[in-house]
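Below you'll find the structure, written out as structure tokens, and then a few comments.
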Amino acid sequence: MPANDDEPWALVDPLALSRTITDGYRNMLIGRVNDHEIRMSVVTRQFPWHIHPDSDETFCGVDGELLIEFRNGQAVVGPGQMVTVAAGTPHRTRPVGERCVNLTFERARAPTVFDE
């Protein structure tokens, strides 16, 4: 859980937390850093084409492999790897296998604009 006024630090184990999730898709807030959110996604299906007009988005692999498709290419992010998608760049994501877990770092409340 995110740190709070009573406990100004927070220990989070994304891999252990992800193993408790049985939903087909889950994107949840697990922390905040200044004006940014850290979200954990458990992914079992493709997410639609979209952009974040005002925020870069960094993906960090935790478990499995995440495929990020761009209009002109793709990136595969495995455990311990990171890639940053620049603000305004159309992209969509999906697991390479049946399931993957990743962290995303982006500005809090950054809008998502779908671009199908």
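Rule-based calculations on the coordinates, nothing more; no lab input. The structure presented is a predicted model; accordingly, all values stated were derived computationally and were not measured. Neighbour counts run over all protein chains shown; Cβ positions are idealised from the backbone, glycine included.
Quick notes on this structure:
- The rule of thumb for compact globular proteins, 2.2 N^0.38 Å, goes into the C-alpha radius of gyration of the chain 1.05 times.
- Peptides ranked, highest mean first, by Cβ atoms within 10 Å: ranges 101-110, 47-56: 101-110, 47-56
- Charge dipole (the range 8-116, unit charges on Cβ, about Cα centre) - positive-most of P90, T22, T44: T22
- As a rough guide to protection, the peptides 87-96, 67-76 ranked by mean Cβ packing within 10 Å, highest first, stand as 87-96, 67-76.
- Length-normalised contact order for the chain - Cα pairs under 8 Å, 6+ apart - percent: 31 percent
- Among the trypsin sites (Lys or Arg not before Pro) in the range 3-51, those placed in a DSSP loop whose Cβ has at most 15 other Cβ atoms within 10 Å are R19, R45.
- Net charge dipole size for the chain [Lys, Arg +1 and Asp, Glu -1 on Cβ; Debye, nearest 20]: 360 debye
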